[in-house]
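Trainee: Once you've had a glance at the structure underneath, I'll fire off some questions.
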Amino acid sequence: MKKYVCILLMVTLVFSILAIQSVGAATEKNIKLTFWGWGPHVDAINNTVGPAFQKVHPNVTVEAISMGPWDLMDKFYVSMVSGEGAPDACQLVRRVSAKYLISELLYDFTDFITVEHKGEFVDALNKDVTSIDGKVLGIASDYGPAVVYYDKKLADDLGIDVSNIVTWDDYYNLAMEISKSNPDVYIHPFFYPSGSWGSNQWKLWAQSAGLNIFDDEGMVIRDNEGLREVTRFYYKLHKGPNVIEGVVNDPIIYDTLRQRKLLFWPSNSYRSMEIAQQLPEMEGETYAFPWPLWSEDAPAYTGNWGGVALVVPKKGPNAEMAAEFVKFYSTNIEALTGLWFGVAGVPAYGPVREEIMQITDRETFTINLIQSVGVRDVPTWNYTDWAQTEKILGDNLDSMFTGDMTPDETWDTIEAQLIKILGR
Amino acid sequence: MPSIEGIQYTYQIIYHKTKVGEKLFDKKKSPYFFIAPFFIMFVVFWIWPIAQSFIWSFSKWDGISEKKFVGFGNYISLFNDNDFLISLKNVILAAIVYVVILLAIALLLGFLLNSAMLKGRAFFRTSFFIPVTVSLPVVSLIFCIIYAPHNGVLNNILSFLGMPGSIKWLTNPKIALWSIVGLRLWRAVGYYTIFVIAGLQAIPKSTIEAGHIDGANTWQVVRYIVLPQLKPIIVYVIIASSIWAFQLFEEPWILNQGGPVNATSTVAIFIYRNAFQFFKLGYASASAYVLTMVIMIFAIINFRIMKD
């Protein structure tokens, strides 16, 4: 009898173990996704998007870790090179992300962008995250279209009606007039030394003209008369009127604005939040008008400054789930609203962008003004080898402003150096 | 908490009574066990990366695709690369000027702050040391305001004194590098002054008094007694500050990104750009080795001069 009881117990035990194992296997394992990011992205993920994603996937938690953008890029690069320590997903500075766009390394979002959400993301931005072999290896979630901010009180005092500024020629003529009659007033800031800021400032004008340095194959467009013309105008615009020199977030620029001596600031949407943070007392006195046109019949384009690329390392243990999260994040209204009201990053996802542009009940300084200006179309810009291109552009623009080269010589030198150094 | 006696007793038991203890705690071998953790870390995190980057310096590699051996190609390209040559020239010039001025000011301040005649020495020592503790982004912001061409503090002072007050401290290619050297001096001088003060305090008063009794004036005491005794400190200040000077990166990067037209570019900026922005790891490694050679040559010259 004892023998049978023992056998029965053994059989029961074995079945119990198997049953427990099968139940365990049936239950989804818990996943913790790690996201590297900066600024409001991190807050948005930890406070709203992560919990919202967890409602759809109860077994998944998302932790966003904050670090500076360039520090993040360095760490991400090292992790990709070494094959160790990469996050499940992260954001990259989009304009310099082309070097990371390698099919073997990053998750492929081509179907998501070109089939599932065809025409819903800003097409020109999708180009920024498309690899040489035509795969969309990241999601361009937001961008910073350019407008012209202005001090309304100062403009009123000077008798300026900004609605008369339609083209860049209108802007330039007015700037020269004001500089002559009011030498204490600065027309706009000018980033010098150029570095990456000045190069990207120049790019706002070049992009808004619908031009490009590189063609779709990544080769330098030879004898680019359009960009030579842009360089000439860029020189004239910053050398003619009374402008204030400074680096990108130079306190002197904000101080001049505070002193009511800075009239205009042609810049991107992100700038509005920086003005709001630096000068909250100017609420209701800083306004914006649309980026002027190159001519009255030119297309109503603007330039774009920055934005992020959301990417997922392909070889990560949770790559599929991380990709799901990134898709969720880039189309989620709460996340994108947080981004808009956090840094004035315009959502690239059309349906949400249209919805957000209707929100007018939240007092957030100049953002409402950009909403009233509207977001102009951004043409495609080819960011081929952009970090190195920025350096070449910056050095030569500096030489132009120190008087070592004429604008025409500057563009010819830039073109020649890009061809020689980049081999394109 | 175990008492000292308890630990000593346990050690003696392990050491004398067990064979394992005798082997492990052998007087000849045991020191190596104690320093092993440091050396393992040193080899893994210092020696190995240094050796690795030396190998990389002979290859063309972006970190992701296949490495391509190029022999001395990177080194040859470096000496034909205008950006690198300008960066190297900038860093050598800046280092020499910086070290000379730093040493002079640190010695002068050291003497002043060590003088018994100075009232409130602790206050002044703290004041001169404070810039060392301020974080670099804050320092950069402060100097943006000081050096600003329009309404900047320095230009306003110059205007007040009746001098030309529209100098472009950070944006004139001829001045920008020296403005950054000025910033560095402001940050570092307090730190090195502390070493000078420590050195001065280590000189026995009786030696100085003996000099005076023998008829030496103050200058002769400084020249023939104090300075020779400060020699180890001076050597340390020169070597440490010059290594730091050759690695100049943060200030010109934050303030000017190496511009305008490479006027404030340094070899460290060149290395960072090539490694982390242009993804040219082999090229960046080669430039790092050239910088190492320059620092070594500078250090050897210093040692020779001070030895003589």
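Trainee: Which residue is farthest from the chain's Cα centre (by Cα), if the candidates are limited to the stretch B:159-171 and must be assigned to a loop (DSSP other than H, G, I, E, B) and either away from chain A (no Cβ under 12 Å) or surrounded by fewer than 15 Cβ atoms within 10 Å (Cβ to Cβ) (or both)?
Mentor: Of everything passing the filter in the stretch B:159-171, B:G162 is farthest from the chain's Cα centre (by Cα).
Trainee: I'd like to check something: does the stretch B:176-185 contain any residue that is in the same structural domain as B:L102 (by TED's automatic domain parsing), aromatic (F, W, Y) and either more than 27 Å from the chain's Cα centre (by Cα) or surrounded by 18 or more Cβ atoms within 10 Å (Cβ to Cβ) (or both)?
Mentor: No, because not a single residue in the stretch B:176-185 is in the same structural domain as B:L102 (by TED's automatic domain parsing), aromatic (F, W, Y) and either more than 27 Å from the chain's Cα centre (by Cα) or surrounded by 18 or more Cβ atoms within 10 Å (Cβ to Cβ) (or both).
Trainee: Do any strands (runs of 3 or more DSSP E) entirely within the stretch A:258-351 hold 3 or more residues that are surrounded by fewer than 24 Cβ atoms within 10 Å (Cβ to Cβ), in contact (Cβ under 8 Å) with a residue 12 or more places away in the chain and in contact with a helix residue (DSSP H, G or I) (Cβ under 7 Å, 6 or more places away or on another chain), and if so, which?
Mentor: A:286-290
Trainee: Return the residue satisfying two criteria in turn: it lies in the stretch A:236-257 and is surrounded by fewer than 18 Cβ atoms within 10 Å (Cβ to Cβ) and within 11 Å of another protein chain (Cβ to nearest Cβ), and of such residues it is nearest to A:N200 (Cα to Cα).
Mentor: Taking the candidates together, the pick is A:V248.
Trainee: Under 6 Å between Cβ atoms, at least 6 apart or on separate chains: pull out the pairs that start in the stretch A:62-81 with a residue that is more than 10 Å from chain B (Cβ to nearest Cβ) and end on any residue that is surrounded by fewer than 15 Cβ atoms within 10 Å (Cβ to Cβ) and small (G, A, S).
Mentor: A:S79/A:G85
Trainee: Hey, another quick one. Looking at the stretch A:190-205 only, could you name the residues that are more than 7 Å from every other protein chain (Cβ to nearest Cβ), in a helix (DSSP H, G or I) and in contact with an Asp or Glu (Cβ under 8 Å, 6 or more places away or on another chain)?
Mentor: The answer is A:G198, A:S199, A:N200.
Yes or no, residue by residue, for (1) modelled with pLDDT of 90 or more; (2) within 12 Å of chain A (Cβ to nearest Cβ); (3) in a loop (DSSP other than H, G, I, E, B):
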residue: B:A104; (1), (2), (3): yes, no, no
residue: B:L107; (1), (2), (3): yes, no, no
residue: B:L112; (1), (2), (3): yes, no, no
residue: B:V139; (1), (2), (3): no, no, no
residue: B:F143; (1), (2), (3): no, yes, no
residue: B:I157; (1), (2), (3): yes, no, no
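Trainee: Out of the stretch B:225-267, which residues are open to solvent by 20 Å² or more (accessible area, probe 1.4 Å) and closer than 26 Å to B:D62 by Cβ?
Mentor: B:Q247, B:F249, B:E250, B:W253, B:Q257
Trainee: Inspect the stretch B:214-221 for any residue being under 19 Å from the mean Cα position of the chain (by Cα) and not hydroxyl-bearing (S, T, Y) and give the result as yes or no.
Mentor: no
Trainee: Taking the criterion of being within 11 Å of chain B (Cβ to nearest Cβ) and touching a His at 6+ places or on another chain (Cβ under 9 Å), would at least one residue in the stretch A:262-273 satisfy it?
Mentor: Yes, the conditions are met somewhere in the stretch A:262-273.
Trainee: Is at least one residue of the stretch B:119-136 within 23 Å of A:L262 (Cβ to Cβ), open to solvent by 50 Å² or more (accessible area, probe 1.4 Å) and either within 29 Å of the chain's Cα centre (by Cα) or aliphatic (A, V, I, L, M) (or both)?
Mentor: no
Trainee: Also: Output the residues belonging to the stretch B:177-220 that are without any contact (Cβ under 8 Å) to a residue 24 or more places away in the chain and β-branched (V, I, T).
Mentor: B:T207, B:I208, B:I213, B:T218
Trainee: Quick check on the stretch B:145-155: of everything there that is open to solvent by 50 Å² or more (accessible area, probe 1.4 Å) and facing chain A (nearest Cβ under 8 Å), which residue is farthest from B:V97 (Cα to Cα)?
Mentor: Checking each candidate, the answer is B:N151.
Trainee: Check off (1) under 20 Å from A:N173 (Cα atoms); (2) not in a loop (DSSP other than H, G, I, E, B) for A:N242 and give me the number that stays unchecked.
Mentor: Only one criterion in (1) under 20 Å from A:N173 (Cα atoms); (2) not in a loop (DSSP other than H, G, I, E, B) is unmet by A:N242, namely (2).
Trainee: Separate question: Here are A:D404, A:D408, A:D412, A:D385: which of them is open to solvent by less than 50 Å² (accessible area, probe 1.4 Å) and out of contact with any strand residue (DSSP E or B) (no Cβ under 6 Å at 6 or more places or on another chain)?
Mentor: Just a single option satisfies the conditions, and that option is A:D385.
Conditions tested, residue by residue: (1) at pLDDT 90 or above; (2) closer than 15 Å to A:N212 by Cβ.
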residue: A:N368; (1), (2): no, no
residue: A:G374; (1), (2): no, no
residue: A:N382; (1), (2): yes, yes
residue: A:Q388; (1), (2): yes, no
residue: A:I392; (1), (2): yes, no
residue: A:L397; (1), (2): yes, no
residue: A:M400; (1), (2): yes, no
residue: A:E409; (1), (2): yes, no
residue: A:T413; (1), (2): yes, no
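Trainee: Grab the helices (runs of 4 or more DSSP H) fully contained in the stretch B:216-308, keeping just those with 1 or more residues being at pLDDT below 90.
Mentor: B:218-221, B:231-246, B:250-256, B:281-307
Trainee: Would you tally the residues in the stretch B:281-308 being surrounded by 22 or more Cβ atoms within 10 Å (Cβ to Cβ) and either under 16 Å from the mean Cα position of the chain (by Cα) or within 14 Å of chain A (Cβ to nearest Cβ) (or both)?
Mentor: Looking only at that region, the number is 5.
Trainee: Still on this structure: Going through B:I14, B:I50 one at a time, which residue ends up being open to solvent by less than 100 Å² (accessible area, probe 1.4 Å) and either at pLDDT 75 or above or closer than 30 Å to B:A284 by Cβ (or both)?
Mentor: The unique qualifying residue is B:I50.
The values are calculated or read from the model by the stated rules, or taken from the named source; none is laboratory data. All values reported here derive from a predicted model rather than from experimental measurement. Virtual Cβ from ideal backbone geometry, glycine too; neighbours counted across all protein chains shown. The accessibility values were calculated without ligands, DNA or RNA, using every heavy atom of the protein model including side chains. Shrake-Rupley method; radii C 1.70, N 1.55, O 1.52, S 1.80 Å.
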